[in-house]
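Single-structure report; data block below.
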Amino acid sequence: MFLFFGLFKKSKGAALKLKQRQEVEVELFNEDTGYEFHFTQVLDVQSKKVIIRSPGTERRPIRMIPGQMLNLTVVEDNNVYTFETKVLDAGEREFDIALPSNIKAEPLPSFDDEHQLEVAIKVEYRAMNSAHNQMANTYSVANNGLMLTTNLPVPTGTQLLLDIEIPNAPDFSIKGKAVSSKAHPTIKNKHICEVEYENVTQEESSAIIRYAIFAKKRAERLAAREAVQTV
């Protein structure tokens with residue numbers, strides 16, 4: 001399978017037009033927990049500002065602070081858009097940002113059964129003949145399956161049940177089959193298990209890939225921050 005390492009390339013001429021009910025990922029810094037991310041949506045777009053629903057739950061919304069810096073990511077029209085902004089004003093259940101101007105736009109690749117996006121997403125899985133659940137991260141995801149980073153090799157042909165929690169989407173369980181297992185190329189005593197989906201819908205596969213794209217951009221920002229700290 002082909003892995004996209006330099007997956008995203010800068011796009012020329014792509015313009016983000018935020019609109020009502022659009023899904024956005026908000027990344028913010030918490031002094032207690034570090035950087036955290038939340039999915040929310042655009043409430044309104046006005047001439048000089050964008051109003052966004054406060055992340056969190058209806059009972060426990062996260063209160064934003066005027067002047068607070070945020071990273072926003074939007075996947076739309078075959079592009080992924082990222083930009084940094086700050087909170088202009090905030091209420092209990094919504095906050096305002098200025099219309100974004102420093103937007104980075106990158107086209108999404110055309111996914112088919114051979115294309116894999118290398119990214120770590122938490123997955124709970126178990127063999128169908130076992131009652132014991134295990135946690136793992138994906139090594140990569142694709143339309144028709146994924147690769148798991150596991151502590152032990154998974155025998156070829158093992159029937160698996162995968163539980164994947166995607167924000168803003170119903171939780172779903174996917175049946176799959178281990179089609180190969182090999183030593184991890186860079187981590188000692190770890191293995192990579194290739195899993196082929198058996199009952200996934202196109203909607204579920206698209207939701208996983210969409211979330212993987214957001215996770216990939218978060219990982220890139222984290223790597224960039226760590227690189228700056230080591231200089």
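Just a few scattered comments:
- In region 78-89, the residue that is farthest from Ala212 (Cα to Cα) out of those that are touching a Leu at 6+ places or on another chain (Cβ under 9 Å) and open to solvent by 60 Å² or more (accessible area, probe 1.4 Å) is Lys86.
- Search result, residues across region 1-29 that are basic (Lys, Arg) and at pLDDT 90 or above: Lys19, Arg21
- Selection over region 53-77 of residues that are under 25 Å from Leu222 (Cβ atoms), among the β-branched types (Val, Ile, Thr) and open to solvent by 50 Å² or more (accessible area, probe 1.4 Å) gives a count of 1.
- Among the residues of region 185-231, those identified as hydroxyl-bearing (Ser, Thr, Tyr) and part of a helix (DSSP H, G or I) are Ser205, Ser206, Tyr211, Thr230.
- Scanning region 143-185 for residues that are in contact (Cβ under 8 Å) with a residue 12 or more places away in the chain and of a type in the set (Asp, Glu) gives Asp163, Glu165.
- Close pairs (6 angstrom Cβ cut-off, 6 or more residues apart or separate chains): open to solvent by 100 Å² or more (accessible area, probe 1.4 Å) in region 220-231, modelled with pLDDT under 80 anywhere: none
- Among the residues of region 90-140, the one identified as open to solvent by 70 Å² or more (accessible area, probe 1.4 Å), among the hydrophobic types (A, V, I, L, M, F, W, C) and in a strand (DSSP E or B) is Met135.
- Check on Pro155, surrounded by fewer than 17 Cβ atoms within 10 Å (Cβ to Cβ) and closer than 23 Å to Glu204 by Cβ: no
- Looking only at region 141-152, and only at residues there that are polar (S, T, N, Q) and farther than 13 Å from Ile209 by Cα, the one that is surrounded by the fewest Cβ atoms within 10 Å (Cβ to Cβ): Asn151
- Qualifying residue in region 80-92 (condition: among the hydroxyl-bearing types (Ser, Thr, Tyr) and either under 17 Å from Asn30 (Cα atoms) or touching a Gly at 6+ places or on another chain (Cβ under 9 Å) (or both)): yes
The values are calculated or read from the model by the stated rules, or taken from the named source; none is laboratory data. Computed from a predicted model, the values in this text were never measured in an experiment. So basically every Cβ, Gly included, is an ideal-geometry build from the backbone, and we count neighbours across all protein chains shown. Accessible surface is based on the protein model in full, side chains and every heavy atom, while ligands, DNA and RNA are left aside. Shrake-Rupley method; radii C 1.70, N 1.55, O 1.52, S 1.80 Å.
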